[in-house]
Structure formats: structure tokens, C-alpha cells
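Here's the structure we're looking at; comments come further down.
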Amino acid sequence: MKKLWTLIFTILIVFTLTACGKKNDEESNSKNVAEDDLSKPINKEGSKNYTRISVSFDGGEIIIKMDDNPTSRAFLTQLPLTLTFEEFSGFEKLSYPPEKLTTKGASSGYQPKRGDFSYYAPWGNVTMFYDDHKFSTGLVKLGGIESGVEWLDTIHDDFTATIKKEN
């Protein structure tokens with residue numbers, strides 16, 4: 001009887017470990033597909049048609065022309081999104097997308113200017129700058145505001161915005 005229980009217990013452990021191993025392989029494969037998608041350019045070479053997103057909120061809209069890099073592509077895969085932006089230090093509005101973005105191949109940081117749309121990797125937030133700021137390690141430029149940056153000067157409270165691709 002003891003041998004029978006040992007055999008049953010061993011079979012259960014083998015099945016459990018096999019099932020866990022398959023799940024991890026599937027997750028790994030899905031991440032590899034996503035990384036492959038992030039290497040494809042979002043703007044056609046030589047084209048003047050850039051990928052744009054709109055940030056729509058009560059009372060206004062901001063249009064952003066996206067840069068073509070893996071971090072921007074990772075952000076675009078999460079769209080459409082509804083995010084709440086908050087004021088931060090008198091020069092930017094920031095929010096947290098549901099998933100952190102890759103920074104593979106990105107520079108160590110940069111000095112943002114008014115109208116930049118960026119990702120701050122250490123915190124996992126996206127940000128729209130309405131004033132220039134100092135060099136920040138971990139900051140990756142996602143794009144630039146083409147129209148509507150003046151809205152950011154006038155919004156003093158948190159606001160909810162819907163972000164979607166325009167083209």
C-alpha cells in the first residue's frame with residue numbers, strides 16, 4: 001500500500017512540474033514575439049507620414065508625433081489607453097501606463113525640452129513636458145508635441161485623458 005501511495009505522489013509531482021514548465025515556455029515565446037514586433041519601424045523610410053497619437057481630455061486635445069524607437073513602439077502597443085495625469089514639479093504632467101516599457105537600445109538619458117513626450121524608466125511613467133528641464137538619467141524620448149502644449153500650462157489639477165493612435 002505504501003508503494004502505491006508513493007507511485008501516485010510521484011506521478012502527481014511529475015504532472016505538476018510538466019504543466020508549469022509548459023506555461024513558462026509559452027510565456028517566454030509570447031514575450032519573444034512582442035520583442036520582435038518592437039524592432040519593426042513604425043514610420044516608413046522616406047515617408048513624411050509619421051505615427052501620431054492624440055491625448056484627448058475634457059476641454060482639449062494634444063497631438064504628439066512619435067519617434068521611431070523600441071520604447072515608443074512598446075508604448076504604441078498598449079493603445080488605446082485612458083490614463084490620469086498629475087502635475088509634477090511645475091514642468092511636466094505624468095502618468096503610469098499599465099505595463100513598463102522596454103528601454104532596449106535607448107541612451108542613458110537626455111535633457112528634455114518643452115513639448116517632449118517621454119518615458120522615465122526608473123518610475124515607469126510617461127510624461128509630457130511643458131517646460132525645459134535638466135538632463136535626466138533613465139529618460140527616453142518617445143516623441144514631440146505638435147499641437148496643444150499650451151493646454152499643459154493651464155491645467156493645474158489631475159486630469160484623465162484618452163490616448164489613441166491617429167494614423
**Message:** Within the stretch 153-167, take every residue that is at pLDDT below 95 and touching a Lys or Arg at 6+ places or on another chain (Cβ under 8 Å) and give me the one that is surrounded by the fewest Cβ atoms within 10 Å (Cβ to Cβ).
**Reply:** ASN167
**Request:** Any residue in the stretch 87-104 that's within 20 Å of ASP132 (Cβ to Cβ): show its pairings with residues that are among the polar types (S, T, N, Q) and surrounded by 17 or more Cβ atoms within 10 Å (Cβ to Cβ) at Cβ separation under 7 Å, as long as the two are six or more apart or on different chains.
**Result:** GLU92/THR127; LYS93/THR127; LEU94/ASN125; LEU94/THR127
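Could you list all residues from the stretch 104-131 that are modelled with pLDDT of 95 or more and assigned to a loop (DSSP other than H, G, I, E, B)?
The answer is GLN111, PRO112, LYS113, ARG114, GLY115, ALA121, PRO122, TRP123, GLY124, TYR130, ASP131.
When the residues of the stretch 108-150 are filtered to those that are aliphatic (A, V, I, L, M) and more than 14 Å from ALA74 (Cβ to Cβ), which remaining residue is surrounded by the most Cβ atoms within 10 Å (Cβ to Cβ)?
Taking the stretch 108-150 first, the residues aliphatic (A, V, I, L, M) are 121, 126, 128, 139-140, 142, 145, 149.
Next, only the ones that are more than 14 Å from ALA74 (Cβ to Cβ) stay: 128, 139, 145, 149.
On the way: MET128: 26, LEU139: 24, ILE145: 21, VAL149: 20.
Of everything passing the filter in the stretch 108-150, MET128 is surrounded by the most Cβ atoms within 10 Å (Cβ to Cβ).
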**Request:** Scan the stretch 143-159 and report the pairs whose first residue is in a loop (DSSP other than H, G, I, E, B) and whose second residue is hydroxyl-bearing (Ser, Thr, Tyr), with Cβ atoms within less than 8 Å and a gap of 6+ or a chain change.
**Result:** ASP158/THR84
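The values are calculated or read from the model by the stated rules, or taken from the named source; none is laboratory data. Remember, predicted model here, so these are calculated numbers, not experimental data. Reconstructed Cβ throughout: ideal geometry from the backbone, glycine too, with neighbour counts over all protein chains shown.
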